[in-house]
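Step one of this worksheet: look at the structure below.
The values are calculated or read from the model by the stated rules, or taken from the named source; none is laboratory data. Bear in mind the structure is a predicted one, so any value in this text is a computation, not a measurement. Note that each Cβ is placed from the backbone with ideal geometry, even for glycine, and that neighbours are counted across all protein chains shown. To get the accessible areas, we keep the full protein, side chains included, count just its heavy atoms, and leave off ligands, DNA and RNA. Shrake-Rupley method; radii C 1.70, N 1.55, O 1.52, S 1.80 Å.
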Amino acid sequence: MNTAALTAQPVASPHAHGGNSVTRTMFRVQMALVPATLYGFWLFGWPAFFLWLLTILSCLGFEALSLKMMGVTRIKATLFDGSALLTGWLLAMTLPPWAPWWVAVVGGFIAIVIGKQVFGGVGQNVFNPAMVARVALLVSFPVPLTQWVHPLPLTSLMAPDFIDGLRIFLTSLPQPDAMASASLLGYTKTELSRGIDLLHSLAGDHAPVLSWIGARSGSFGESASLLILGGGLYLVGVGIISWHTPAAVLAGLAIPAAIGHSVDPTHYLSVSAHLLSGAAMLGAFFIATDYVTSPNTTSGQIVFGLGIGLMTWVIRTYGGYPEGMAFAVLLMNALTPVIDRFIKPRVLGRDRKGKPLDIPETKEA
């Protein structure tokens, strides 16, 4: 045997393929979102469906355009790996359900072209593409991004039919005053700015409904907290994500909320209000757990999640925006390389400081 030839060849580690793939992972995440999405369609009607559909189509379209401009030959294989579809899906669930059509198109462009492809495509982006689009839309177009609608289930007589829903979506008609409403976070922040404490603002009949699954104003995915939680637990159960990041995000949000509410319930929302409002559940299980933009180690993921939860609470409580999940995710995305630098996994055969372990020699039989 020619040992010189063997040593000249690169030797790979003895890895075993688990049978997973990008497409299969994306498909499972999408399946986990189906119950909450269907509930959103029923709760907010046809305009919400058109918004969801156009957001996904916009992401797929800009993905194909970007790949073509970069000279990629296997556009179809890359396009249908599910990553662009999932980005559009997550973005749609963070938007007002009756947002106009151009919000979906502009959001798709920002998410795919600016948030993903300029960094090199799948696995190269520094920031979560859906959250890049969500923050850019909110900062650039605050009015349509903060116009909420009171839920009108498809079984309701006031719910718009297919034609009316399409007309509302395409013509960007102003929402009737009878339908306009505020999310819980936006409502409480507005009332506090007027000098009305939470005990009074949340005691009236017109206060936003707070429940796990109920008719409450908010983003497309905000009313289905229990269904989103169930989908997230499914992802943990099948091994797509680990429990460390979601648990850390929820703990980082719940702990300061519990302290603040116990000290002054007139100015600080309760734990349940924070966990059930905004993008708390969606962010914890579907956004913060993004493989590319989160730390590699379990310890790093706990630090990452705690940071997201804490900053979300700080922005919600003291910031100018009622919701802070998207901002918190992007800030912690920027810190992911720092976390990975200081929290490293132990190399096999070495201690935590990188020094070789003293392994005693075994006597031959």
Probe 1.4 Å, accessible area per residue of the range 194-329, Å² = 39 Å²
ask   = What accessible surface, in Å², does a 1.4 Å probe find on PHE80, ignoring ligands, DNA and RNA and rounding to the nearest 10?
value = 120 Å²
key: Accessible-area ranking of TRP102, TRP148, largest first, probe 1.4 Å   = TRP102, TRP148
inquiry  = For a quick check of understanding: with a 1.4 angstrom probe and all protein chains in place, what accessible area in square angstrom does TYR318 have, to the nearest ten?
reply    = 140 Å²
ask   = Rounded to the nearest 10 Å², what accessible area does VAL347 show when all protein chains are kept and the probe is 1.4 Å?
value = 80 Å²
request  = Measure out, as a whole number of angstrom, how far apart the alpha-carbon centroids of the range 301-319 and the range 91-159 sit.
outcome  = 21 Å
query = What is the distance in Å between the Cα centres of the range 255-299 and the range 39-85?
reply = 28 Å
ask   = Counting Lys and Arg as +1 and Asp and Glu as -1, what is the net charge of the other residues whose Cβ lies under 12 Å from the Cβ of GLU63?
value = +2
note = Any chymotrypsin sites (Phe, Trp or Tyr not before Pro) in the range 251-310 that lie in a DSSP loop and have at most 14 other Cβ atoms within 10 Å would be TYR291
Accessible-area order (highest first, 1.4 angstrom probe) of the listed residues MET26, MET31 = MET31, MET26
key: Integer Hz, Karplus 6.51/-1.76/1.60 couplings in order for the range 84-99, x for Gly and Pro   = 5, 4, 5, 4, x, 4, 5, 4, 4, 6, 9, 9, x, x, 10, 5
key: 12 Å beta-carbon shell around LEU199, net charge (K/R +1, D/E -1)   = -3
inquiry  = Could you sort ARG167, ARG316, ARG341 by their accessible area in this structure, using a 1.4 Å probe and putting the largest first?
reply    = ARG341, ARG167, ARG316
